[in-house]
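Reading through the structure tokens given below for one structure.
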Amino acid sequence: MAKRIALLGSTGSIGTQTLDVIAHDPERYDVVGLSAGTNVALLLEQVKQFRPGVVSVATKELADELRPLLPAGTRVLYGDEGAAEVAAGTGADMVVTAVMGSRGLKPALAAIEAGITIGLANKETLISAGHLVTAAAKRRGVCLLPIDSEHSAIFQCLNGESRDDVARLTITASGGSFRDRTREQLAGVTVAEALRHPNWSMGAKITIDSATMVNKGLEVIEAHWLFDMPYEQIDVLLHPESIIHSMVEFVDNSVIAQLGNPDMRVPIQYALTYPQRFPTPTKRLDLAAAGRLHFAPMDMVRFPCLRLAFECGKGGGTLPTVYSAANEVAVARFLGGEIEFLAIEAIIETALERHERLADPDLEQIAYADNWARELAASLYTA
Ligand code: NDP
Ligand code: MG
């Protein structure tokens, strides 16, 4: 029987690649719901191709604009409630969460409460409220299948292994757009330069997060929650080619790594078809052509956002929420030309310094901390 898929963030980088995977093997899937933000034109094309019963967009105005253009019988919803309904109310077997930012938290929780398997691209969900999301998933017996390439790699390396035998996770990092620059050379960099990622083509926010190394910081926290691994046993390794997607070291010093060309359609499909594997429309890895792979230790002085992420992760409570929310606003302001690149990390650091951490926050306290961090991040470095 076809697997019923609801896709949140269908118009984004992961969303469109998920639909590409589905279109490659259409018999295997049934797209039951799509949610997007404001890209109504692309959503309309997607609806015509995949025929979901329910769609959702960011606002009521956009929903009203879209409704008359859709096939009869398609339900059109909007806002966070619309996204949650697409996630939990469409009878999906799996929800792929590919929205950007902590806005992904509520629909993910709704899907978990409904007992639906999650294909997790939206890492901010686990950063904002990792303890609540993982506890809810455990309580409901819901599988969180990673789509993030590093976590998919680790997940694949752990297949059939005993958790007690795992000594260490090593997450690889490409280094992002500015990996060859010193901190001094970061002053005055442009948005266009920051958006030029050497290996991956991704959404704007995560591309900036790669340049600041916030993305790797978020991934460390994501790995902590997904694999229940103490921060002391998570390493980050600079690997400019992005061919080894991550690795697991075992107690006998054996290391298992997962390799492939940098193409998100591989981890996306692995989550969609787990535990089975099928051909993908991607290029085979040719290591002889690659020739050499390079590695270097991560420099926590050059990339202070990675150091901060480890500190937030270890400190726990609302610290990761604030780290992620302050970053979201700072990145949006950088992309909008309002602040310098280096102000992103300064804003995150200031937010963390001023925040009064709560140890074991509930959803309401997380929403409060998230909002507090956003307001602060919006108020700093204003002319
Ligand atoms: P994009 O920016 O490309 O896409 C974001 C999606 O979220 C779009 O569909 C966008 O809709 C939607 N969206 C934005 N605002 C709203 C809103 N208010 N309501 C509903 N939907 C909204 O992001 P990516 O695909 O790059 O990333 C998505 C997630 O996946 C992130 O959490 C990222 O960290 C993670 N990820 C991404 C990877 C990648 O290769 N891109 C790799 C690993 C993880 P619209 O465009 O219509 O406004
Ligand atoms: Mg990643």
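The values are calculated or read from the model by the stated rules, or taken from the named source; none is laboratory data. As the structure is a computational prediction, the values presented were derived from the model and not from experiment. Cβ: placed from backbone, ideal geometry, glycine included. Neighbour counts: every protein chain shown. Protein only, heavy atoms only, side chains kept; ligands, DNA and RNA dropped before computing areas. Shrake-Rupley method; radii C 1.70, N 1.55, O 1.52, S 1.80 Å.
Among residues of the range 131-148 being open to solvent by less than 10 Å² (accessible area, probe 1.4 Å) and assigned to a helix (DSSP H, G or I), the one that is nearest to ligand 2 (Cβ to nearest atom) is Val133.
Name the pairs whose Cβ atoms lie under 9 Å apart, with the first residue in the range 149-176 and at negative phi and part of a loop (DSSP other than H, G, I, E, B), the second within 15 Å of ligand 2 (Cβ to nearest atom) and at pLDDT below 95, and 6 or more positions between them or separate chains? Going by the 9 Å Cβ cut-off, the qualifying pairs are Ser174/His197; Ser174/Pro198; Ser174/Asn199; Ser174/Trp200. Just to be sure before I move on: is Ala271 assigned to a helix (DSSP H, G or I), open to solvent by less than 10 Å² (accessible area, probe 1.4 Å) and at pLDDT 95 or above in the structure I sent? Yes: the conditions hold for Ala271. Taking the range 178-202 as the range and being within 16 Å of ligand 1 (Cβ to nearest atom), open to solvent by 30 Å² or more (accessible area, probe 1.4 Å) and within 23 Å of Ser246 (Cα to Cα) as the test, the residues that pass are Arg196, Pro198, Asn199, Trp200, Ser201, Met202.
Any residue at all in the range 292-300 that is assigned to a helix (DSSP H, G or I), open to solvent by less than 70 Å² (accessible area, probe 1.4 Å) and at pLDDT 95 or above? No, the range 292-300 contains no residue that is assigned to a helix (DSSP H, G or I), open to solvent by less than 70 Å² (accessible area, probe 1.4 Å) and at pLDDT 95 or above. Only strands (runs of 3 or more DSSP E) whose full extent lies in the range 63-130 are considered here, and the ones with at least 1 residues that are surrounded by fewer than 20 Cβ atoms within 10 Å (Cβ to Cβ) are 75-78.
In the condition set (1) outside any loop (DSSP other than H, G, I, E, B); (2) buried (at least 18 other Cβ atoms within 10 Å of the Cβ), Ser242 is compliant with all but (1). Checked against the criterion of being at pLDDT 95 or above, over 28 Å from Ala135 (Cα atoms), open to solvent by less than 10 Å² (accessible area, probe 1.4 Å) and part of a helix (DSSP H, G or I), the range 361-378 has at least one qualifying residue. Selection over the range 10-24 of residues that are part of a loop (DSSP other than H, G, I, E, B) and either open to solvent by 40 Å² or more (accessible area, probe 1.4 Å) or without any contact (Cβ under 8 Å) to a residue 40 or more places away in the chain (or both) gives a count of 1. Would the range 1-9 turn up any residue that is within 13 Å of ligand 1 (Cβ to nearest atom) and either without any contact (Cβ under 8 Å) to a residue 12 or more places away in the chain or hydroxyl-bearing (Ser, Thr, Tyr) (or both)? The answer is no, given that none of the residues of the range 1-9 is within 13 Å of ligand 1 (Cβ to nearest atom) and either without any contact (Cβ under 8 Å) to a residue 12 or more places away in the chain or hydroxyl-bearing (Ser, Thr, Tyr) (or both).
Of Ala88, Ala83, Ala111, which residue is within 21 Å of the chain's Cα centre (by Cα) and within 11 Å of ligand 1 (Cβ to nearest atom)? Break it down stepwise before answering.
On the way: Ala88 fails: within 11 Å of ligand 1 (Cβ to nearest atom); Ala111 fails: within 11 Å of ligand 1 (Cβ to nearest atom).
Answer to the check: Ala83.
Quick check: is even one residue across the range 60-83 under 21 Å from His245 (Cα atoms) and touching a Phe, Trp or Tyr at 6+ places or on another chain (Cβ under 8 Å)? For the range 60-83, residues under 21 Å from His245 (Cα atoms) and touching a Phe, Trp or Tyr at 6+ places or on another chain (Cβ under 8 Å): absent.
Selection of first residues in the range 301-317 that are buried (at least 18 other Cβ atoms within 10 Å of the Cβ) and of second residues that are of a type in the set (Phe, Trp, Tyr) and at pLDDT 95 or above, restricted to Cβ pairs under 9 Å at least 6 apart or on distinct chains, gives the following pairs, ordered by first then second residue: Cys305/Tyr323; Leu308/Tyr323; Ala309/Tyr323; Phe310/Tyr231; Cys312/Tyr323; Gly313/Tyr231; Gly313/Tyr323. With respect to the conditions (1) within 14 Å of ligand 2 (Cβ to nearest atom); (2) closer than 13 Å to Gly313 by Cβ; (3) assigned to a helix (DSSP H, G or I), Val236 falls short on a single one, namely (3). The set of residues in the range 177-209 being over 18 Å from Ser149 (Cβ atoms), part of a loop (DSSP other than H, G, I, E, B) and under 22 Å from the mean Cα position of the chain (by Cα) consists of Phe178, Leu195, Arg196.
Of all the numbered requirements in (1) under 23 Å from Thr182 (Cβ atoms); (2) open to solvent by less than 70 Å² (accessible area, probe 1.4 Å), Arg333 misses one, and that requirement is (1).
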